[in-house]
Amino acid sequence: IFPRLTVSLSANTLSLGTLSADTINKASVTSTVTITGSTGFLSYILYDHALQIDGSNAIANESGGGTIVAGTPEFGGSTDEPSGVDLAATSPACATGASTSNATALATTAKSFATASGNVTSDITTLCLLATINAMTPAGAYANTITIVTTGKY
């Protein structure tokens, strides 16, 4: 049997909208994976740099502790995958709001957000990106490039 891996993403771009010190903005993408002829898969996320405006004024990664707090300039990610991955569990659901939310700092090195064992059919995982600012953070369109990689376990 030849291994076969198919991956589809629900979106090619994500927007966190206009960031506010009063709330945590969130955007999500779902990854749907089917794999046969292997012992499972791993999905990873990495980025090219922290959220930036004009090549500077970066919003820092989540600073530790696994929680983003509204009003503290931070950026991170979470997943609805229950275990076995690098990112924090999404809580609450990936919808803008809340004053605190679980998150893990993202990096230029890969962090896993989804995994499964054996042959898998249509395994769906939600990856959530989160950001907040404070009153001193410059207004504007912050951006970076996120890369998602899924590989079979052989």
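Say the dipole of the chain comes from +1 at the beta carbon of Lys and Arg and -1 at that of Asp and Glu; which of 152, 19, 56 then lies farthest toward its positive end?
152
Applying a 10 Å radius around every beta-carbon, put 7-13, 61-67, 22-28 in order of their mean neighbour count, most first.
By packing density, highest mean first, the sequence is 22-28, 61-67, 7-13.
Pick out, from 35, 82, 45, the residue whose Cα sits farthest towards the positive end of the charge dipole of the range 1-113, with +1 on the Cβ of Lys and Arg and -1 on the Cβ of Asp and Glu.
With unit charges placed on the Cβ atoms, the residue in question is 35.
Would you please report the Å³ per residue occupied by the convex hull of the alpha carbon atoms in the range 64-154?
Once divided by residue count, the hull of the range 64-154 is 121 Å³.
Since every read-out is calculated from the coordinates, none of them should be taken as a lab result. None of the values given here were measured: they were computed from a predicted structure. Don't worry about glycine lacking a Cβ; one is built from the backbone with ideal geometry, like all the others, and counts go over all protein chains shown.
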